[in-house]
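Okay, structure first, notes after.
The values are calculated or read from the model by the stated rules, or taken from the named source; none is laboratory data. All values reported here derive from a predicted model rather than from experimental measurement. We place every Cβ from the backbone using ideal geometry, glycine too, and count neighbours over all the protein chains shown.
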Amino acid sequence: MSVDSNIKWRPLWKVWIPFVLFLVPLILEGQMIGTSFVPYAYSLIIVIYGIVYYYRIGLWHGIAVSGMTAIAISWYFLAERPGRAFDSFALLGLDASPEFMQWVINYITTPAWFMVLILNCVLYYTLGPKLLKAINLEKNAIRLFKLSARPIMDEGNGFTGRPFNMGKHSLEKNELYGLSAYLESKNICVASFPGNGVKFIFSMGISPYLKSRREELSHVFFGSNGDLSVFISKHDYNQYRKQYTFDQLCEMLGKTFIRFGDYHMSNNEKRILLELRSA
């Protein structure tokens, strides 16, 4: 995120970062020092990150995936290099008893690690997709809020815990359904259908996949009768570096979704992605 962003800095997960942060220190440690601290330190970092993401977005998937990944990494290096592991921790004053060392050699084996790896793959296959979608939803929510605040220059009245009524919209029900299908497929928001319209839900905190918390999350509501309203949660509003005029911010956010609807109706959905990427 750029330094001139109108949103406060938030640590975001990038797929390539874990590999770089693991492989480079691992190679350097093995060649230059000969110890084996990196796999276990990295496993601890992964677990901590999973816990942080759990408290941040509310999904337990992060703890499950990070925990099993940490077990798989630690298990492999214990099975392949038990002597180096024991010698490394002895340098920290953590001497393992002969009984514990023998137990590790007997049970923390490479064949057993393959079973852990299979379990890890199953976990990634079942929980990973939803976790990745939740992470991408948060990234796109940040882009949405940045994009909506870009035209606003005024500062003053702060947060108001009520929906902002924007008046009317011209989208038909089938057009709203088509727009919701597209936005969900691109992990821009999650759509819900309360019966009297379509609600587009997004947040820079609790994931919209947590159904029990959806009512408190930011959303833009397109009513079946043409009504249009916008709600920005206090958490999301507090992520701005400035106290933007709240009604203006809600208005710009609503206009952003109206513009997305216009792009959809003209078969020009790529403009939605271009705008978000430019934020």
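Data table
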read-out	value
Failed condition for MET204, given (1) free of Cβ contacts under 8 Å to residues at least 60 places away in the same chain; (2) surrounded by 15 or more Cβ atoms within 10 Å (Cβ to Cβ)	(1)
Condition broken by MET166, with the remaining ones in (1) surrounded by 15 or more Cβ atoms within 10 Å (Cβ to Cβ); (2) in contact (Cβ under 8 Å) with a residue 12 or more places away in the chain; (3) not in a strand (DSSP E or B) satisfied	(3)
So ILE206, is it in the same structural domain as LEU147 (by TED's automatic domain parsing), part of a loop (DSSP other than H, G, I, E, B) and not polar (S, T, N, Q)	yes
Members of the stretch 112-137 found to be aliphatic (A, V, I, L, M) and surrounded by 16 or more Cβ atoms within 10 Å (Cβ to Cβ), listed by number	VAL116, LEU123, LEU127, LEU131, LEU132, ALA134, ILE135, LEU137
Condition check for SER36: in contact with a Ser or Thr (Cβ under 8 Å, 6 or more places away or on another chain), at pLDDT 85 or above and polar (S, T, N, Q)	no
Unique match (being within 18 Å of ARG143 (Cβ to Cβ) and either touching a Phe, Trp or Tyr at 6+ places or on another chain (Cβ under 9 Å) or not β-branched (Val, Ile, Thr) (or both)) among SER224, SER229, SER278	SER278
Residues within the stretch 130-163 that are without any contact (Cβ under 8 Å) to a residue 12 or more places away in the chain and not in a helix (DSSP H, G or I), tallied	1
